[in-house]
1. Once you've got the Cα coordinates, tell me which of Lys236/Lys257; Lys74/Lys255; Lys257/Lys318; Lys168/Lys318; Lys108/Lys316; Lys146/Lys168 are over 23 Å apart.
2. Using a 1.4 Å probe on the protein heavy atoms, what percent of the accessible area of the range 34-112 belongs to carbon and sulfur?
3. Looking at the range 64-116, which trypsin sites (Lys or Arg not before Pro) are in a loop (DSSP not H, G, I, E or B) and have at most 15 other Cβ atoms within 10 Å?
4. Between Ser109 and Leu42, what FRET efficiency comes out of the Förster formula 1/(1 + (r/R0)^6) with R0 = 51 Å and r the beta carbon distance, rounded to 0.05?
Amino acid sequence: MNSNKLNSKLHKKQGWISITECPLCGSNDSNHLIDISKKAYLFGKECILVPGNKIPIKECQECGLAYKSIIPSKDFLSEVYERQVENIWTNPYNFRPELKFINQLFPKSGFDLLDIGASRGDLLKECSVFNGRRSALDIVEYPEIKKHIRGEIILSLLDDKKIKWQKKPYNLVTIFDVLEHLYDPKQAFRNIVEFTNRHGYILIETGDINSYKHSKKGMLFWPYTALFEHHIFWSKKSIDYISKIYNLEIVEWKKKKHKKVYTHPLSLKIKRRIKFYTYQISPKTYSSLLKRISPEVMGEAPGNPSSRDHFRVLLKKK
């Protein structure tokens, strides 16, 4: 993508790059979905100013991938990650619904698992009841994960071109809430396929752009697009596109809520509903209250807690 490389120089000092072609297929044929009005991102304990106070989101007409036109560079993002690693993605999750689904795939035997975006190792912990290797890929190594490893720890971005690993493929590769972080989704899937053995499974969960793209107002209420580290947004069409390239079979497709919504306590669910409907009735009142309570949030619009805005897809390597 030569045009992207040229445009990246425009924002190099600020740490931002401009995306002018689809990150998945390289097409210039895109549909402008919406401009997310935004003065700053909140990431961990940092407020990061946005160039131009808005983030355009486009949808590729060729492959269906939606993407932000302005995103942080890899180096910029890595620097912020390193500073905020103790403040992000640390809330525990038991993965029991996912464990039940995985158990149906391997009911009578052990299996080798690679969890991409493993964080603290919560999924590896739940899968320790099965025989087989338990490995993790992430950009940083959380101290808690070592006790859940029975294989290797791979430190890398998923879309890096040269990832150092043991070259022993896995029966199951799990990727929960990672695909939205990618810079080079085609390279990421090239790596995923290499990680997976013949007839092995790839289990993915990510946000579904189709949940909101048909309503411009609705997209303003989708927190998924409001995050500093989220660059691209998938749909059934974009998953179909990448599956055909790498000869992957779609075994199951299911729309669902974000995995952590199911385990939120009732008190938090009630608070989120109050926030959402307050914003619906009066955005000005909501923003005014938010500035008093949490000024660092910069007036983020709350998402609908009832929305089935994610999908789970099971792929099989042929």
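The values are calculated or read from the model by the stated rules, or taken from the named source; none is laboratory data. Quantities reported herein were computed from a predicted structural model and do not represent experimental measurements. For neighbour counting, all protein chains shown are included, and Cβ atoms are generated from backbone atoms with ideal geometry for every residue, glycine included. These area figures cover heavy atoms from the full protein model, side chains too; ligands, DNA and RNA do not enter into them. Shrake-Rupley method; radii C 1.70, N 1.55, O 1.52, S 1.80 Å.
1. Lys74/Lys255; Lys257/Lys318
2. Summing carbon and sulfur atoms, their accessible area is 47 percent of the total for the range 34-112.
3. Within the range 64-116, the qualifying trypsin sites (Lys or Arg not before Pro) (loop, at most 15 other Cβ atoms within 10 Å) are Lys108.
4. 0.70
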